[in-house]
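Q: Below you will find the structure I want to go over with you.
Every read-out reported here was derived from the displayed coordinates using simple, explicitly stated rules and does not represent laboratory data. Just so it is clear, the structure is predicted and the values come from calculations on it, not from any experiment. As a convention, Cβ positions derive from the backbone with ideal geometry for all residues, glycine included, and neighbour counts pool all protein chains shown.
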Amino acid sequence: MLIGLLGKANVGKSTFFSAATETMAQSGNFPFTTIEPNVGVAHVKVDCACKNLENRCGSNHCVDGTRFIPVKLIDVAGLVPGAHEGKGLGNQFLTDAMQADVLIHVVDISGSTDIQGQPISIGTHDPLEDIKFVEEEFDLWFKQILDREWHKLTKEIEQKRTKISEGLAHRFTGLGIKESEIDKVLTAMSLKAKKPIEWSDSEIMKFLKTIRRSSKPVLIAANKADLCDDLIIIKEISKDFQTIPSSAETELLLKKAAKAGLIEYLPGDDNFKGKADIKLSEQQNTALHLAKNVLTKIGVTGVQKILNTVIFDILNMIVVYPVEDETKLCNKNGQVLPDARLLHSSSTSKDLAFTIHQDIGNGFLHAIDAKTKQRISADHQLKNGDIIKIVSTLSRG
């Protein structure tokens, strides 16, 4: 699973990446600071299953009953208008971004960068323009991909050498778009009974927009929200796009302060605590006071909320805990709840087995629900928070 960060230059993408992954990405207030995509590990935050147990688990990813589960994050090169024509780093950007399962579009909601990503006075640029131009660049890129193969595709369909959905899926195979997704859109638009050569330009664009939105869903990270006089613009954008206000710079500051032992703070919290035995410098006090003001204004920094939203609300994932001993809920070394897996909500116990190891899945016999102690079958649909033991004829290779 891969989460992509996209947006024009100088909106705080690299700061968001650094705050989410605690990996310092190069940043600066000029276009194309990010040339090659930065790839790192972020974490989603959930209540660990050990909260309902007498003993807390031994995982390094669990902090007092709060579990942090790793996800992969990619911060791609800055985007400029005309990317689909290769302007800026357009081709590389679009290719890198399309690897992702879900996209976070980081937008400078304060309006302090122009359409090219150059710094301007706060409030002098409309953030909606950024959202629309990024959507348009993706749609036009999809159109280019289809145009290159359109004549050949329509001919194959006319000669009945391929089905519409199969032929279209083949053209978009590099973007991870499944035939079932294309078939669903074609059915909804009543295009399956119509010859592709008879599709109008508006029908083609509507098809491309719909398939792009369903296969590559986008959440708007309304970054630099703390610089806005008010948050009315976010309410406006939220009418058409799922939007969460954020201040990546504040999250990065708080994580650094927590790592340095200056404060107590967990990602996603709406507050932090100073430590009585720590004396802060005037500069540190000022920075933390500003961070407190940001939390008062927008509630949370938004970075953790955004990560959780794309994984659990948009991608519809659940958390499942595989164990080797269903009675003690541990692995062979006695570590309680050593692992937490993110799976789609439709996943079965056999799907879980394959995420552990190919051989475990191939030799699957049955599974055991550790909470109910009941044996469950290969096609048993898992639930969020399940603790599962897999019984297999094969061990890990």
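Q: Between the range 352-387 and the range 224-261, what is the separation of their alpha carbon centroids in Å?
A: Taking the Cα centre of the range 224-261 as reference, the centre of the range 352-387 is 39 Å away.
Q: From the P(r) of the chain, can you give the percent of Cα pairs sitting at distances over 30 Å?
A: The calculated P(r) of the chain puts 50 percent of pairs beyond 30 Å.
Q: Quick one: which of 339-349, 265-275 comes out on top by average Cβ neighbours within 10 Å, and what's the full order, highest first?
A: Working: 339-349: 17.5, 265-275: 15.2.
The densest-packed peptide leads the list: 339-349, 265-275.
Q: Which value in Å is the Kirkwood Rh of the range 307-397 over different Cα pairs?
A: Working: mean 1/r = 0.0759 Å⁻¹.
13.2 Å is the Kirkwood radius here.
Q: Still on this structure, I have one more. Which one of Ile157, Ile145, Val185 is farthest out on the positive end of the charge dipole of the range 136-214, using unit charges on Cβ (Lys, Arg +1; Asp, Glu -1) and the Cα centre as origin?
A: Working it through, the farthest residue towards the positive pole turns out to be Ile157.
Q: For the chain, build the charge dipole from Cβ charges (+1 Lys, Arg; -1 Asp, Glu) around the Cα centre, then report which of Gln118, Thr296, Ser395 sits farthest towards its positive end.
A: Farthest towards the positive pole: Ser395.
Q: I've got another one for you. If you take the square roots of the eigenvalues of the alpha-carbon gyration tensor of the range 236-291 and sort them as a ≥ b ≥ c, do you get rounded (a/c under 1.5), prolate (a/b over b/c) or oblate? Could you put the intermediate results ahead of the total?
A: Numbers: a/c = 3.42, a/b = 2.51, b/c = 1.36.
Taking the square roots of the gyration eigenvalues as a ≥ b ≥ c, the range 236-291 is prolate.
Q: Same structure again: Using the Cα centre as the reference, give the magnitude of the dipole from point charges on the C-beta atoms of the range 248-351 (Lys, Arg: +1; Asp, Glu: -1; all else neutral), rounded to the nearest 20 debye.
A: Numbers: 13 positive and 13 negative charges, 57 e Å.
The calculation lands at about 280 debye.
Q: Determine the alpha carbon to alpha carbon distance for each of Lys51/Lys328; Lys51/Lys383; Lys8/Lys256 and list only those over 20 Å.
A: Values: Lys51/Lys328 15 Å; Lys51/Lys383 17 Å; Lys8/Lys256 26 Å.
Violating the 20 Å Cα-Cα cut-off are Lys8/Lys256.
Q: Hey, what's the per residue convex hull volume over the C-alpha atoms of the range 154-285, in cubic angstrom? Could you put the intermediate results ahead of the total?
A: Details: hull volume 22.0 nm³, N = 132.
Convex hull volume per residue, Cα atoms: 167 Å³.
Q: Ok, one more. Please list, in order along the range 14-22, the HN-Hα scalar couplings obtained from phi with the Karplus expression 6.51 cos²θ - 1.76 cosθ + 1.60 (θ = phi - 60°), rounded to whole Hz, x for Gly and Pro.
A: Karplus-based 3J(HN,Hα) across the range 14-22 equals 5, 5, 4, 4, 5, 5, 6, 10, 6 Hz.
Q: Still on this structure, please answer the following. Between Ile263 and residues 5 or more places away or on another chain, which pairs have amide H atoms under 5 Å apart, with H built 1.01 Å from N, and which residues are they?
A: Those qualifying (amide H under 5 Å, at least 5 residues apart or on another chain) are Ala258.
Q: Related question: Among DSSP beta bridges lying fully in the chain, give the percent that are antiparallel, nearest 5.
A: Details: 30 of 51 bridges.
Antiparallel bridges: around 60 percent, rounded to the nearest 5.
Q: From the P(r) of the range 136-214, can you give the percent of Cα pairs sitting at distances over 23 Å?
A: Working: 247 of 3081 pairs.
Every Cα pair in the range 136-214 considered, those over 23 Å come to 8 percent.
Q: Now for a separate question. Rounded to two decimals, what ratio of Rg to Rh does the range 105-169 give with C-alpha atoms and a Kirkwood Rh?
A: Numbers: Rg = 19.3 Å, Rh = 14.5 Å.
Expressed as Rg/Rh, it is 1.33.
Q: Run down the aspartates and glutamates and flag those whose C-alpha is under 15 Å from the C-alpha of Lys297, throwing out any fewer than 8 positions away in its chain.
A: Leaving aside aspartates and glutamates fewer than 8 places away in the same chain, those within reach of Lys297 are Asp226, Asp229, Asp230, Glu249, Glu251, Asp269, Asp270.
Q: Determine the dipole magnitude for the chain: charges of +1 sit on the beta-carbon of Lys and Arg, -1 on that of Asp and Glu, nothing else is charged, the reference point is the Cα centre, and the result goes in debye to the nearest 20.
A: Roughly 1020 debye for the chain.
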